[in-house]
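The values are calculated or read from the model by the stated rules, or taken from the named source; none is laboratory data. In this text the structure is predicted, and so the values were computed from the model without any measurement. For neighbour counting, all protein chains shown are included, and Cβ atoms are generated from backbone atoms with ideal geometry for every residue, glycine included. Side chains are part of the model used for accessible areas, which takes the heavy atoms of the whole protein and leaves out ligands, DNA and RNA. Shrake-Rupley method; radii C 1.70, N 1.55, O 1.52, S 1.80 Å.
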Amino acid sequence: MLENSNGNLNGNQIHNNKEENEESHTNGENKETRYLDGSVRLRNPHIELMDQDILYHLALGSESHDLVEMFGDVKFVCMGGTPKRMESFAEYIMSEIGHRLPTGTQLMDISQYSYRYSMYKVGPVLSISHGMGAPSIGILLHEVIKLMYHAKCRDPIFFRIGTCGGIGLDGGTVVISDDASDGMMNKYYQVPILGKIVKRPAKLDKKLARELKALSTPEDLYDTVTGTTMCADDFYEGQGRLDGAFCDYTEAEKMEYLERLRSAGIKNIEMEATTFAALTHHAGIKAAVVCVTLLDRLKGDQVCTPKEVLVEWQLRPQILVARYIKRYLQTKGRISFDGHGSMCVKSPRRFKLVQQESQTFE
Ligand SMILES: O=P(O)(O)O[C@H]1O[C@H](CO)[C@@H](O)[C@H]1O
Ligand SMILES: O=c1cc[nH]c(=O)[nH]1
C-alpha cells in the first residue's frame, strides 16, 4: 500500500524498511541525480553550460518557454505508445483527479508542432506518447528527463501504460513489471556509445510495483499479475511470431523459446521496458511499467480480438495508474478542502484548485 505523508504504510507492511531502501530509488539522497530540494539533476555537465537547450522532439526550449512556469508542478509522467491513448488518458485522469482547466481553455497537445510525440498536461500529470520501440522511447526519455531538470520538478514518478503479448495469460490481463529483460534474457539495456557497447541495468522500482499491485481489487473483472517483462526490438521475429514477412524457424522452436521465457518468470513481451527501466533508473527516477495483454502468445500470434474489446482492455493499466495517482495526491499531495466543495491539492510548489472527487478512499 502507499505510504502516507508521515512515511507510514497504509494497510499491511509487506516488506522491511532495509529492503525498501535498497529497492526504491526515490532519490532524495542521490547527489548525482537530485539537488538538495529533490529537483532533478542531470548526469551531464554540458547542459548547464549551454545558452539554451532545445527539446527538439517536444517542440519546447529552455529559452523559448518558461519551463518552470509551465511544468514546475509535474509529479507524474505517464507514457504510452499512441497519441490517441495518451489523449484519452489525459481526459480520464482529469476527471479522476477532478482537475479543472482554466475557463475558456481546453486540453491541447503541447508538442503538436514537433509532429513526433503528443504531450498533454493535466495539473501534476503529463501524458505523453512514445511511439514504438527502444529508439523512439529513448529519445523521448532524454528530452523528458531534461524537461524535468529545466522545470525543476521534484522527485517525479514515471509510468509506462502499454499493451503486450502475454505468456500463459489470457488477453485482458494486467501485468505490472517488476523486472525487465531483453530477448536474450539480459536484465540490462545496451546501447552503442562512441563505438562501445554500454550496458545500463534495466531496474524498475519494486516497491512501486508492489504498491500498484496492492491497488488492484477483487472487484476488477480481470487478473492483475506481477512479473518480468521481456522487451523485444521487433514485433514479429523478435517476439518469435510465425506471421511476419520472414520466418526461418518452426512452430516447435517458437514454442520451445516461449516456454523457456515462461520458465524464467517472464509474463509478457513488449518493446520498450528495458529502455524505459534503464534510462529512468540511470536518472534516479522511480518508474513502473503496467501493460495489458492483447493475447496469449502460447495460443497464437495474431491480434484478432475485436477493436471495441481492445479499447476496453487498454483502459485497465490506466485505471490502475490513476488509482495510484489519486491515492498519492490524497496522502502525499496534502489535499485539503476549501469549504466550497472543492479540494486544494498542495503540490510541492503551488496550490492547485481541483474539484472534489465523488469517490471516497478507504
Ligand atoms: O501499446 P504500446 O504501449 O504502444 O506498446 C506495445 O505495442 C507496440 C507494438 O504493437 C510496441 O510499442 C509494444 O511495446
Ligand atoms: O504481442 C504483442 C502485443 C502488443 N505489443 C507487443 O509488443 N507484442
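Calculate how many DSSP beta bridges within the stretch 54-359 are antiparallel, expressed in % of all such bridges and rounded to the nearest 5.
Taking every DSSP beta bridge with both residues in the stretch 54-359, the antiparallel ones total about 45 percent.
Any idea what the alpha-carbon Rg over 2.2 N^0.38 Å comes to for the stretch 54-359?
1.01
Using the beta-carbon distance between residue 187 and residue 250 and R0 = 30 Å, what value does 1/(1 + (r/R0)^6) give for FRET efficiency, to the nearest 0.05?
0.60
Could you give the accessible area per residue of the stretch 294-334, probe 1.4 Å, as a whole number in Å²?
That works out to 46 Å² for each residue.
List every residue whose amide H lies under 5 Å from the amide H of residue 268, counting only residues 5 or more places away in sequence or on a different chain, with H placed 1.01 Å from N in the peptide plane.
167, 230
With a 1.4 Å probe and all protein chains in place, put 324, 257, 236 in order of accessible area, largest first.
Most to least solvent-accessible, the answer reads 236, 257, 324.
On full extension of the chain, what length is gained from residue 308 through residue 37, given 0.36 nm per residue of separation minus the C-alpha to C-alpha distance?
That works out to 93.0 nm of additional length.
If I model a spin label as a point 7 Å beyond the Cα along the Cα-Cβ vector, how far apart are those points for residue 263 and residue 298 in nm?
1.4
Residue 108: net charge of surrounding residues, Cβ under 13 Å, Lys/Arg +1, Asp/Glu -1, itself excluded?
My count for the surroundings of residue 108 gives -2.
Under a point spin-label approximation (7 Å from Cα along Cα-to-Cβ), what is the residue 30-residue 112 distance to one decimal in nm?
Here the modelled spin labels are 3.6 nm apart.
Pairs to check: 213/267; 31/152; 75/326; 206/254; 203/326; 267/299. Give those whose C-alpha atoms are more than 19 Å from each other in this structure.
206/254; 203/326
Ignoring ligands, DNA and RNA, what percent of the 1.4 Å accessible area of the stretch 54-359 is carbon and sulfur?
Percent of accessible area from carbon and sulfur atoms in the stretch 54-359: 54.
Hey, if you put +1 on the Cβ of every Lys and Arg and -1 on every Asp and Glu Cβ in the stretch 268-336, which of 278, 290, 330 ends up farthest toward the positive end of that dipole?
The listed residue farthest towards the positive side: 330.
Just tell me which aspartates and glutamates come within less than 20 Å, Cα to Cα, of residue 196; anything on the same chain fewer than 8 places away is out.
Residue 196 reaches 182, 233.
Which value in Å is the Kirkwood Rh of the stretch 153-298 over different Cα pairs?
With all distinct Cα pairs of the stretch 153-298 included, I get 15.8 Å.
Report the Cα centroid-to-centroid distance between the stretch 114-132 and the stretch 138-216 in angstrom, as an integer.
Cα centroid of the stretch 114-132 versus Cα centroid of the stretch 138-216: 17 Å apart.
Checking the cross-link filter: which lysines have an alpha carbon closer than 16 Å to that of residue 84, excluding same-chain neighbours under 8 positions apart?
121, 307
Could you check the spin-label model distance between residue 50 and residue 198? Points 7 Å from the Cα along Cα→Cβ, value in nm.
1.5
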